[in-house]
1. For the chain, give the share of DSSP beta bridges that are antiparallel, in percent and rounded to the nearest 5; count only bridges with both residues there.
2. Full-extension gain between Thr101 and Glu52, please, as 0.36 nm times their residue separation minus the C-alpha to C-alpha distance.
3. Excluding ligands and nucleic acids, what accessible area in Å² is computed for Asp103 using a 1.4 Å probe, to the nearest 10?
4. Regarding the range 4-51, what's the average projected area of the Cα-atom convex hull, expressed in nm²?
5. For the range 1-71, which whole percent of the accessible surface, found with a 1.4 angstrom probe, sits on carbon and sulfur atoms?
6. Could you calculate the contour length gain from Ile44 to Ser7, that is, 0.36 nm times the residue separation minus the distance between their Cα atoms, to one decimal place in nm?
7. With n ≥ 4 as the cut-off for DSSP H runs, can you work out [θ] at 222 nm for the chain, using -39500 (n - 2.57) per run divided by the number of residues, rounded to the nearest 500?
8. Between [x] 1.14; [y] 1.00; [z] 1.05, which matches Cα Rg over 2.2 N^0.38 Å calculated for the structure shown?
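The values are calculated or read from the model by the stated rules, or taken from the named source; none is laboratory data. Everything quoted here is computed from the prediction, not taken from an experiment. Here Cβ is always computed from backbone atoms with ideal geometry, including for glycine, and neighbour counts include all displayed protein chains. Note: areas computed on protein heavy atoms with side chains; ligands, DNA, RNA excluded. Shrake-Rupley method; radii C 1.70, N 1.55, O 1.52, S 1.80 Å.
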Amino acid sequence: DLIVFVSLSMPEPSLKALVLQAERYGATIVVRGLKNNSLKATTIEIKRLIGEHHTAWQINPVAFTRFEVTQVPAFVIAKGNDVSHEDTTSCAPAPSYVEITGDVGIEYALEKISQASPGEFEKMAEELLAKGRGK
C-alpha cells in the first residue's frame, strides 16, 4: 500500500498536486484529524480538493501513530493493509514499512525509496512507479 500523509493546513497547490498524483499511483491520502473539529467541514474540504478525481482518502489519527509520522507530507509504503491496522497502542514494526518525508511529489518519493530500500520495498516502489508512469 502507498499512503500519503498530509495536513489540510498544507498549501492548496501542494495538496491538489498530491491528489492528482495519488490518483495516478493508487495511493491513499490520510489526514490526522478534523478541520475545525468538524466532520462536515473536513468532508467539504476534502471533496473540494479531490473534485472529480478518484483518489482514496481517510481520516486516520491511528495511522499517524502507527507509522510514526511527525511531519507532512510523508510517503509510506506498507506491507499488506497496515494503514487500517487496529492496534492503537504500538508502532508498526520497522520491517513492515518504509517512509520518506518532505515537500516532494510521489514519483520522487518512490524513486528515493527504491534507491534506499533494497529487497521487497525496492520492488514495491518500482511496481508503483511503473503503474504511475503507465508502464
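1. Numbers: 10 of 18 bridges.
About 55 percent, rounded to the nearest 5.
2. Working: separation 49, 0.36 × 49 = 17.64 nm, distance 2.69 nm.
Answer, rounded to one decimal: 14.9 nm.
3. Asp103 has an accessible surface of roughly 120 Å² with all protein chains in place.
4. Working: hull surface 12.2 nm².
Reported value for the Cα convex hull: 3.1 nm².
5. Details: 1980 of 3720 Å².
Exposed carbon and sulfur together represent 53 percent of the surface.
6. On the way: separation 37, 0.36 × 37 = 13.32 nm, distance 1.46 nm.
Additional length available on full extension: 11.9 nm.
7. Working: 5 runs with 56 residues, N = 135.
-12500 deg cm²/dmol, from helical runs alone.
8. [y]
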